[in-house]
Amino acid sequence: MFIDVENQFTTGGTAGQTLNGFGIATTALGNVIDSVPLGGQNTPNTNAGRDFGMGYPAWLYLLFIAVPVGAGATIDAQLVSSAAAALTSPNVMLDLTGGAIAITSPKVATGAALRFPMPRAGVGGTTGWLRFIGLNLIIATAALTGGTVNAFLSRDVQDNLLYAAGFTVA
């Protein structure tokens, strides 16, 4: 799998972005992807046809390099699309954690990886894609004092099936 730094939602490259200091609030991860222009040369509507879930699938990864730390904190990770680079008034395209979960959940343990194909606009209750794409972390109950995360888009899915050793195929 290739990781393109231009398609990362986190700062810090593949080492990830620290979650230390994420307070009780909705906070966007460090990088926001600007998807303009999409219409092509001399096209009057440069935003026409935006749907990141169609065609060959792109995959969204959220990898927890170090477990989030914060006594009793909950976390909710959402892929959002907004008309503003600050991700204000966003369309929630995908809720990666399925709602708020405790930071002790196996979904956010060190080494945990959440991966999803990019959703289609208008499918599964999502609304349309807007110009800016980012990941919002919604922290509740307590601020985070540690943890590291990496989030990015990739063209390929990392999927390796391991089989027991010592068998013969006849």
| Number of positions in the stretch 81-110 that are part of a loop (DSSP other than H, G, I, E, B) and surrounded by fewer than 18 Cβ atoms within 10 Å (Cβ to Cβ) | 13
| Test set (1) open to solvent by less than 50 Å² (accessible area, probe 1.4 Å); (2) at pLDDT 85 or above; (3) among the acidic types (Asp, Glu) - ASP34 fails condition number | (1)
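Just to be sure before I move on: is PRO106 under 23 Å from GLY21 (Cα atoms) and out of contact with any strand residue (DSSP E or B) (no Cβ under 8 Å at 6 or more places or on another chain) in the structure I sent? Quick ask: steps written out before the conclusion?
Working: under 23 Å from GLY21 (Cα atoms): yes; out of contact with any strand residue (DSSP E or B) (no Cβ under 8 Å at 6 or more places or on another chain): yes.
When the stated conditions are applied, PRO106 passes them.
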| task | Have a look at ARG115, ARG120 and point out the one that is farther than 17 Å from LEU62 by Cα and open to solvent by 30 Å² or more (accessible area, probe 1.4 Å). | result | ARG120
| List the pairs whose first member sits in the stretch 1-16 and is touching a residue at least 12 places away in the same chain (Cβ under 8 Å), whose second member is among the charged types (D, E, K, R) and surrounded by fewer than 11 Cβ atoms within 10 Å (Cβ to Cβ), and whose Cβ atoms are under 7 Å apart, counting only residues at least 6 apart or on separate chains? | none
| field | Unmet requirement for ASP51, which otherwise passes all of (1) open to solvent by less than 50 Å² (accessible area, probe 1.4 Å); (2) at pLDDT 80 or above; (3) acidic (Asp, Glu) | value | (2)
| note | Those residues of the stretch 64-80 which are open to solvent by less than 50 Å² (accessible area, probe 1.4 Å) and either among the hydrophobic types (A, V, I, L, M, F, W, C) or more than 15 Å from ILE133 (Cα to Cα) (or both) amount to PHE64, ALA66, PRO68, GLY70, ALA73, THR74, ILE75, ASP76, ALA77, LEU79, VAL80
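The values are calculated or read from the model by the stated rules, or taken from the named source; none is laboratory data. Predicted model only: the values in this text are computed from it and were never measured. When we count neighbours, we look across all protein chains shown, and the Cβ atoms used for this are built from the backbone with ideal geometry, even at glycine. To get the accessible areas, we keep the full protein, side chains included, count just its heavy atoms, and leave off ligands, DNA and RNA. Shrake-Rupley method; radii C 1.70, N 1.55, O 1.52, S 1.80 Å.
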